[in-house]
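The values are calculated or read from the model by the stated rules, or taken from the named source; none is laboratory data. Since this is a predicted model, take the numbers as computed values, not measurements. Here Cβ is always computed from backbone atoms with ideal geometry, including for glycine, and neighbour counts include all displayed protein chains. Side chains are part of the model used for accessible areas, which takes the heavy atoms of the whole protein and leaves out ligands, DNA and RNA. Shrake-Rupley method; radii C 1.70, N 1.55, O 1.52, S 1.80 Å.
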Amino acid sequence: IVEEKIAPTAPARGKAIKDLPLPNNCVISGIIRHGEMIMPSGTAILEEGDEILALVDDAARGPLEKLLGRS
């Protein structure tokens, strides 16, 4: 389980979960926005500052970090 924050320049910012090129073995399990938990759906649009909770394996961790904007 990893937690990553959507960076201002993240490729995922402003996109729906269903439109993201998520790596294999990666499932977004929660979004924390302004201190409130949002259950993710395919149509949920990710915003700058959202904290993403995801289940990933070791191989998916790096690609997910790049997608969310972490350098």
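Evaluated against (1) within 17 Å of residue 2 (Cβ to Cβ); (2) out of contact with any Ser or Thr (no Cβ under 8 Å at 6 or more places or on another chain); (3) open to solvent by less than 70 Å² (accessible area, probe 1.4 Å), residue 44 falls short on exactly one condition, (1).
In the set (1) in a loop (DSSP other than H, G, I, E, B); (2) farther than 15 Å from residue 4 by Cα, residue 59 fails one condition alone, (1).
Under the condition of being open to solvent by less than 80 Å² (accessible area, probe 1.4 Å) and either within 9 Å of residue 25 (Cα to Cα) or at pLDDT below 95 (or both), which residue from the stretch 48-58 is farthest from the chain's Cα centre (by Cα)? Ranking the candidates gives 57 first. The number of residues in the stretch 14-35 being in a loop (DSSP other than H, G, I, E, B), in contact with a strand residue (DSSP E or B) (Cβ under 9 Å, 6 or more places away or on another chain) and open to solvent by 50 Å² or more (accessible area, probe 1.4 Å) comes to 4.
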